[in-house]
1. Within segment 496-521, what residues put their amide N at less than 17 Å from the label point 7 Å along the Cα-to-Cβ vector of residue 533?
2. Taking the simple approach of a point 7 Å from Cα along Cα-to-Cβ for both residue 184 and residue 568, what is their distance in nm?
3. What is the percent of Cα-Cα separations in the chain that go past 48 Å?
4. Computed FRET efficiency, Cβ-Cβ of residue 544 and residue 508, R0 25 Å: what is it to the nearest 0.05?
5. Please report, in whole Å, how far the alpha carbons of segment 468-512 spread along each principal axis, starting with the longest.
6. Give me the distance between the Cα centres of segment 353-395 and segment 118-140, rounded to whole Å.
7. So how far, in whole Å, is the C-alpha centre of segment 489-524 from the one of segment 216-254?
8. Return the Cα extents of segment 351-495 along principal axes one, two and three, sorted largest first, each rounded to a whole Å.
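No lab work stands behind these numbers, since they all come straight from the coordinates. Predicted, not measured: the structure shown is a model, and the values here were computed from it. A quick note on method: Cβ atoms are made from the backbone with ideal geometry, for glycine too, and the neighbour counts reach across all protein chains shown.
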Ligand code: FES
């Protein structure tokens, strides 16, 4: 890939550049002597707690780059928080923003003639997008994570026994429990006040922390950078660990430039395998499938959904983090962070140790002094590989079958199905809102399989997350008795018996469009199949009767209109 930045200061338009620089508040003689133009690509907004600390970090980075003799230039991008969009008509903007963000960062980097790039972003899609412009431009660079939210506590059950580990998931489930009359108004208010004392991403192994884990495990973030708390509380400055990471990241960038190590030297195939292995060991979100495939495409590394299944199925679950476990992400940070998990995996022969990282050292060198979980002071946040929370093959599985001829994802998060499979009666909905109304009215009972279709990348468009449905099921005590299948997605907060990413999606003529109320649906993790229990002839007859799916009304020139025209299926990572 060509370096589009090299000719900026050597061409004949220095006079014009001086005018531009002076007008923008830079001293031209200093700018012309800068040793590097560093794109500080940041998804800042004051609209939500996921990314509201990003500007403070970006400013810190600009100063740190200046102290090294460089020029840090801010490049912004839209930061969509799933917390603000999930369950609303604007939910499609979440996934669409991933690629939009990467495009903004690429554009700003080249337009400002950057040499290096540091990306600062939290939340789900912004975190996913962080690696995309680095892989795409191959500019020297790395990722800084703004941090996750600190957990909270309350003094009533069932939450009191969780101790200081409550997260946004607990509030959401509490809210559904209140609706179902299982807790009081006062208890819900208490949860609301306590679960999230400050800024930061959703505080456990949900999608944002899954993606920060991917960034660290793939080698593009400094060690222990994926798990720090964003701040001390909403009124405090950013956490000291974030400050230290930011300053160390500037040092690392200059070292990478000196050593000539670029993102594609780091994000090689083995590094992708390491990232998937680590995310599986920690119980990462199903969204990692979409995002890892998209990042691999940017890095020009051949990587498929079946590769991810093959890698993931060998990995035991060893991190005791929500949503499958007990602890918040900050608890992992306190015992040493992602390096402790990776040390355990490396010792078990599950990681490649000789891959390069942004420290300028290999992964094995980075982990040399990191203790194994069994050698830490007594703790139960990270388990030894030999004594895992769940054996391999019990987290996310890629299934296929008559309902998903291409693929779909089953998320069990370490649980096993009682009869080895789930067999239930279909209740079919053409929107998340219709499914929600049915659950609230008591129209969904144990033994049902909720089918939500036409909410895929093209159908919705933007493949929204069905998290509020899964929260309702959990809050009503139906999480173990009702399955949910969809061509949409799930949030990392979601847990239960969940099948998402069904491909082809309904809007593309997938057989999910042929399901009828009362049909029997069979989910079998062992055979890795999702089937509609009707004869092939019956299915073929129903498919022949399917008309052209009616798509939601979206303006052609809008972001979602363009997204609908360009997006690939979830099987390929929803890349554009
Ligand atoms: Fe932003 Fe969860 S909504 S990290």
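1. 515-521
2. Placing both labels 7 Å along Cα→Cβ, they lie 5.5 nm apart.
3. I get 10 percent for the Cα pairs in the chain exceeding 48 Å.
4. Working from the Cβ atoms, E equals 0.95.
5. 34, 19, 12 Å, listed from the longest principal axis down.
6. Measuring centre to centre over Cα atoms gives 24 Å.
7. Result: 38 Å between the Cα centres.
8. Principal-axis extents of the Cα atoms in segment 351-495, largest first: 55, 35, 27 Å.
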